[in-house]
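Notes follow once the structure below has been shown.
Derivation of every value follows stated rules applied to the coordinates shown; laboratory data play no part. Computed from a predicted structure; not experimentally measured. Positions of Cβ are backbone-derived with ideal geometry, glycine not excepted, and every protein chain shown enters the neighbour counts.
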Amino acid sequence: MAPGASRPSGLVIATGASASVENATLSLPELRVSPTMISAALALQVTDRTVLEWTWTEGHVRHDGISYPFQAGRHITTNPTDQGPLGDVNELLTVAGTDAVAGTWEVEVGEITYRTSEGEEVLPGGSWTLTVTVP
């Protein structure tokens, strides 16, 4: 998170969830759940590349049969030197939430486009789903 930026409220669920396609890995280091919103910190890391930014076509969080679409997002690691081992971080936000935290959570985003330090755009293709179970 950028210095001085505020964090959304809610219960923080640290996760180790990740998915890989070819040389790209999408990780979900943190899911935040509150009655009024849900946020997902998603990190993209590409082998032997520095990701400057990335975007997604659509996405949502699914829990207990309810889908919460992402309505907003923000780029957290705007400076590549701020990136940790998981890569470039975006935070995706919903405008609705829940106070029921236990159960299985699925975070899904559509096709990801990313730009590297070399200036090229790469489309790993397909949708990405990360699953977290909360006792």
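Just a few scattered comments:
- Gained length - Ser127 relative to Ala100, 0.36 nm times residue gap less alpha-carbon distance: 7.1 nm
- Inverse mean reciprocal Cα-Cα distance (Kirkwood Rh) of region 68-135, Å: 14.4
- Taking Thr116, Thr36 and counting other C-beta atoms within 10 Å, the order from fewest to most: Thr36, Thr116
- Among [x] 17.8; [y] 15.0; [z] 26.9, the entry derived from the coordinates for Kirkwood radius over Cα pairs in Å: [y]
- For a paramagnetic label modelled on Glu118 (point 7 Å from Cα along Cα→Cβ), amide N atoms under 15 Å away belong, within region 48-75, to 48-52.
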